[in-house]
Amino acid sequence: MTKIDIPYLESQLQKRLPYRYQWGRIQNNEWDSFTGFIYDTPSWEQFILQLKQTHQSLQVDKRALFNYAANRWFNFWSAMGVEMIFKAADLVQPVANAKDSEKDFFLKDIPFDHKTSVFPKGFKQSFEYAKTHKEELISWLYTNQSIEQRYHLKNRLFIIVHETNGFHWKLKAELSLIKKEIENYLSNFRPNQLHSFNFDNNHKTLSDIIWVTH
């Protein structure tokens, strides 16, 4: 298999960009099981081959399967690229258990999960407003997170992507740009810049946003 590194992943993710980004259905366990092959398939060409084999065995709607699988593939491998960027930094230490669902790494001994999200339409405020009201957006992101799989209220660093033409999702493929912004954030990182929340009575949550714009 081709060595997985940031330039390679970026080139593969960019092959997804010509196709429309639409789900067609709410993410669910059944369709997640149909498309579990994405976790072992960083190559777009190999993904297409696996998709064809899956379609032949399942006989579900071809377009629906493509939309669902391509979105999961794109989001997963973009997230893997972001995680690789963080873990390559001197300030960051990886967790001992790679399958830990609540944290991906430690930043100056503080545990964090990371999540890349497009700027949410549901926030009902402008991007300019969000940049000056970071705590409000972070609170919205925690409150409105998906209940699937990695739902939690622990520490999280959000990478928020915003494209002026409205195609925010496409920036998830721009790993070089994301890498630049993460490295800039880490080079200036101070624990006291983190925002603190009490989403439940027993735990303090620390969080922050890294903006990626184009």
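With respect to being of a type in the set (S, T, N, Q) and within 18 Å of residue 103 (Cα to Cα), residue 207 fits the description.
For the range 146-167, a residue qualifies if it is of a type in the set (Ser, Thr, Tyr) and in contact (Cβ under 8 Å) with a residue 40 or more places away in the chain, and the qualifying residues are 146, 164.
Only a single criterion out of (1) in contact with a helix residue (DSSP H, G or I) (Cβ under 8 Å, 6 or more places away or on another chain); (2) not in a helix (DSSP H, G or I) is not satisfied by residue 99, namely (1). Entry remark, the range 127-185: residues being assigned to a loop (DSSP other than H, G, I, E, B), polar (S, T, N, Q) and surrounded by 14 or more Cβ atoms within 10 Å (Cβ to Cβ) number 2 in total. Candidates in the range 75-102 are the residues that are under 15 Å from residue 184 (Cα atoms), in contact (Cβ under 8 Å) with a residue 12 or more places away in the chain and among the hydrophobic types (A, V, I, L, M, F, W, C); of these, the one that is surrounded by the fewest Cβ atoms within 10 Å (Cβ to Cβ) is 91. Just one of (1) surrounded by 14 or more Cβ atoms within 10 Å (Cβ to Cβ); (2) out of contact with any Leu (no Cβ under 6 Å at 6 or more places or on another chain) fails for residue 6. It is (2). Checking each residue in the range 11-37 for being among the hydroxyl-bearing types (Ser, Thr, Tyr) and surrounded by 13 or more Cβ atoms within 10 Å (Cβ to Cβ) picks out 11, 21, 35. Return a yes/no flag: does the range 38-59 have any residue that is within 25 Å of residue 157 (Cα to Cα) and surrounded by 15 or more Cβ atoms within 10 Å (Cβ to Cβ). Yes: one or more hits.
Considering only the range 198-210, state which residues are in a strand (DSSP E or B) and modelled with pLDDT under 95.
Passing the criteria: 198, 199, 200, 203, 204.
Across the range 168-200, the number of residues qualifying as under 26 Å from residue 5 (Cβ atoms), touching a strand residue (DSSP E or B) at 6+ places or on another chain (Cβ under 9 Å) and in contact (Cβ under 8 Å) with a residue 24 or more places away in the chain comes to 13. The residues of the range 51-70 that are in contact with a helix residue (DSSP H, G or I) (Cβ under 9 Å, 6 or more places away or on another chain), under 19 Å from residue 23 (Cβ atoms) and in a helix (DSSP H, G or I), listed by number, are 51, 54, 55, 58, 62, 64, 65, 66, 68, 69, 70.
Candidates 66, 105, 112: the one that is aromatic (Phe, Trp, Tyr) and under 22 Å from residue 213 (Cβ atoms) is 112.
The values are calculated or read from the model by the stated rules, or taken from the named source; none is laboratory data. Since we're looking at a predicted model, the values are computed, not measured. Counting neighbours? That spans all protein chains shown, and the Cβs are built from the backbone with ideal geometry, glycine included.
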